[in-house]
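What follows is one structure encoded as C-alpha coordinates, with my remarks underneath.
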Amino acid sequence: QVQLLESGGGLVQAGRSLRLSCAASGIIFSIEKMGWYRQAPGKQRELVAIITSGGTTTVANSVKGRFTISRDNAKNTVYLQMNSLKAEDTAVYYCNAGGYSGSYFNRSLFDSWGQGTQVTVSA
(Lines give C-alpha, C1' and ligand atoms only; values in the text may rest on other atoms or scores of the structure.)
Protein backbone atom coordinates (compact mmCIF):
# COMPACT_ATOMS: atom_id res chain seq x y z
CA GLN A 1 0.00 0.00 0.00
CA VAL A 2 1.32 3.42 -0.95
CA GLN A 3 0.58 6.42 1.25
CA LEU A 4 0.74 10.07 0.29
CA LEU A 5 1.49 12.85 2.75
CA GLU A 6 0.77 16.42 1.69
CA SER A 7 2.06 19.63 3.24
CA GLY A 8 2.28 23.32 2.51
CA GLY A 9 -1.31 24.52 2.45
CA GLY A 10 -2.58 27.53 4.36
CA LEU A 11 -4.06 31.00 4.22
CA VAL A 12 -2.50 33.53 1.89
CA GLN A 13 -3.39 36.88 0.38
CA ALA A 14 -4.22 37.18 -3.30
CA GLY A 15 -1.14 37.69 -5.43
CA ARG A 16 1.13 35.77 -3.08
CA SER A 17 2.65 32.31 -3.45
CA LEU A 18 2.46 28.90 -1.80
CA ARG A 19 4.29 25.65 -2.41
CA LEU A 20 2.65 22.30 -1.85
CA SER A 21 4.61 19.08 -1.35
CA CYS A 22 3.48 15.47 -1.47
CA ALA A 23 5.70 12.55 -0.49
CA ALA A 24 4.87 8.95 -1.30
CA SER A 25 5.87 6.14 1.02
CA GLY A 26 5.47 2.38 1.16
CA ILE A 27 6.78 -0.50 -0.91
CA ILE A 28 7.08 1.35 -4.19
CA PHE A 29 8.40 -0.25 -7.34
CA SER A 30 7.71 2.72 -9.61
CA ILE A 31 5.55 5.82 -9.76
CA GLU A 32 4.35 6.52 -13.28
CA LYS A 33 2.44 9.69 -12.57
CA MET A 34 1.98 12.15 -9.73
CA GLY A 35 -0.32 15.10 -9.65
CA TRP A 36 -2.59 17.54 -7.93
CA TYR A 37 -6.35 17.92 -8.00
CA ARG A 38 -8.51 20.40 -6.16
CA GLN A 39 -12.07 20.64 -4.95
CA ALA A 40 -13.76 23.88 -4.06
CA PRO A 41 -16.95 23.95 -1.96
CA GLY A 42 -19.94 22.87 -4.00
CA LYS A 43 -17.81 21.93 -7.00
CA GLN A 44 -16.44 18.73 -8.46
CA ARG A 45 -12.84 17.72 -8.02
CA GLU A 46 -10.76 18.97 -10.93
CA LEU A 47 -7.31 18.36 -12.30
CA VAL A 48 -4.72 21.01 -11.53
CA ALA A 49 -1.54 19.45 -12.88
CA ILE A 50 0.11 16.07 -13.37
CA ILE A 51 3.64 14.99 -14.20
CA THR A 52 4.91 11.67 -15.48
CA SER A 53 8.07 9.88 -14.45
CA GLY A 54 9.66 11.19 -17.62
CA GLY A 55 8.81 14.77 -16.78
CA THR A 56 5.90 15.34 -19.15
CA THR A 57 3.39 17.73 -17.59
CA THR A 58 -0.26 18.51 -18.06
CA VAL A 59 -1.54 21.75 -16.52
CA ALA A 60 -5.08 23.04 -16.33
CA ASN A 61 -5.76 26.16 -18.39
CA SER A 62 -7.06 27.95 -15.30
CA VAL A 63 -3.63 27.83 -13.64
CA LYS A 64 -1.31 27.75 -16.64
CA GLY A 65 1.42 30.35 -16.32
CA ARG A 66 0.89 30.66 -12.56
CA PHE A 67 1.35 27.11 -11.22
CA THR A 68 4.32 24.85 -11.85
CA ILE A 69 4.48 21.14 -11.08
CA SER A 70 7.75 19.32 -10.52
CA ARG A 71 8.92 16.09 -8.95
CA ASP A 72 11.94 14.53 -7.32
CA ASN A 73 11.94 10.90 -8.43
CA ALA A 74 14.62 9.93 -5.93
CA LYS A 75 12.44 11.18 -3.07
CA ASN A 76 9.10 10.07 -4.57
CA THR A 77 7.91 13.62 -4.02
CA VAL A 78 5.87 16.00 -6.16
CA TYR A 79 5.66 19.75 -5.71
CA LEU A 80 3.20 22.39 -6.81
CA GLN A 81 4.52 25.94 -6.88
CA MET A 82 1.56 28.29 -6.91
CA ASN A 83 2.22 31.93 -7.80
CA SER A 84 -0.08 34.90 -8.28
CA LEU A 85 -2.80 33.16 -6.30
CA LYS A 86 -6.38 34.23 -6.79
CA ALA A 87 -9.46 33.90 -4.58
CA GLU A 88 -10.82 31.33 -7.04
CA ASP A 89 -7.85 29.07 -6.27
CA THR A 90 -9.32 28.47 -2.82
CA ALA A 91 -9.95 24.75 -2.46
CA VAL A 92 -8.80 21.55 -0.85
CA TYR A 93 -5.83 20.31 -2.85
CA TYR A 94 -5.36 16.56 -3.18
CA CYS A 95 -2.23 14.71 -4.22
CA ASN A 96 -2.60 11.67 -6.46
CA ALA A 97 -0.05 9.08 -7.52
CA GLY A 98 -0.22 5.99 -9.69
CA GLY A 99 2.23 3.26 -10.50
CA TYR A 100 3.37 -0.13 -9.22
CA SER A 101 3.97 -1.29 -5.66
CA GLY A 102 5.90 -4.37 -4.60
CA SER A 103 8.93 -5.87 -6.27
CA TYR A 104 9.93 -6.57 -9.84
CA PHE A 105 8.60 -10.16 -9.76
CA ASN A 106 5.57 -9.37 -7.62
CA ARG A 107 4.19 -5.96 -8.38
CA SER A 108 0.70 -4.59 -8.55
CA LEU A 109 -0.90 -1.40 -9.71
CA PHE A 110 -1.76 1.30 -7.21
CA ASP A 111 -3.63 4.59 -7.42
CA SER A 112 -3.44 6.53 -4.17
CA TRP A 113 -4.81 9.79 -2.85
CA GLY A 114 -3.62 12.05 -0.08
CA GLN A 115 -5.87 13.35 2.66
CA GLY A 116 -6.00 16.84 1.17
CA THR A 117 -4.60 20.17 2.25
CA GLN A 118 -6.61 23.38 2.46
CA VAL A 119 -5.52 26.40 0.44
CA THR A 120 -7.40 29.61 1.18
CA VAL A 121 -6.71 32.77 -0.78
CA SER A 122 -8.11 35.98 0.65
CA ALA A 123 -9.06 38.77 -1.72
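The values are calculated or read from the model by the stated rules, or taken from the named source; none is laboratory data. This is a predicted model, so every value here is computed, not measured. All Cβ positions, even for glycine, are placed from backbone atoms using ideal geometry, and neighbour counts span all protein chains on display. Side chains included, ligands, DNA and RNA excluded: accessible areas come from the protein's heavy atoms. Shrake-Rupley method; radii C 1.70, N 1.55, O 1.52, S 1.80 Å.
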For this session: Return only the number of the condition from (1) of a type in the set (Ser, Thr, Tyr); (2) open to solvent by 10 Å² or more (accessible area, probe 1.4 Å); (3) closer than 19 Å to Ser17 by Cβ; (4) under 13 Å from the mean Cα position of the chain (by Cα) that Thr58 does not satisfy.
Result: (3)
For this session: Name, by its number, the condition in (1) closer than 22 Å to Leu18 by Cβ; (2) open to solvent by 20 Å² or more (accessible area, probe 1.4 Å); (3) part of a strand (DSSP E or B) that does not hold for Leu109.
Result: (1)
Exercise. Counting only residues that are under 16 Å from Ala91 (Cβ atoms), small (Gly, Ala, Ser) and touching a Ser or Thr at 6+ places or on another chain (Cβ under 7 Å), how many does the range 8-19 have?
Worked result: 3
Seminar exercise, completed: Among Tyr100, Tyr104, Tyr79, Tyr94, the single one that is among the hydroxyl-bearing types (Ser, Thr, Tyr), in contact with a strand residue (DSSP E or B) (Cβ under 8 Å, 6 or more places away or on another chain) and exposed (fewer than 13 other Cβ atoms within 10 Å of the Cβ) is Tyr104
Exercise. Which residue pairs have Cβ atoms closer than 7 Å, lie 6 or more positions apart in sequence or on different chains, and pair a first residue in the range 5-31 that is at positive phi with a second residue that is polar (S, T, N, Q) and part of a strand (DSSP E or B)?
Worked result: Gly8/Ser21; Gly8/Thr117; Gly26/Gln3; Gly26/Ser101
Exercise. Which ones in the range 1-29 are of a type in the set (S, T, N, Q) and open to solvent by less than 30 Å² (accessible area, probe 1.4 Å)?
Worked result: Ser21
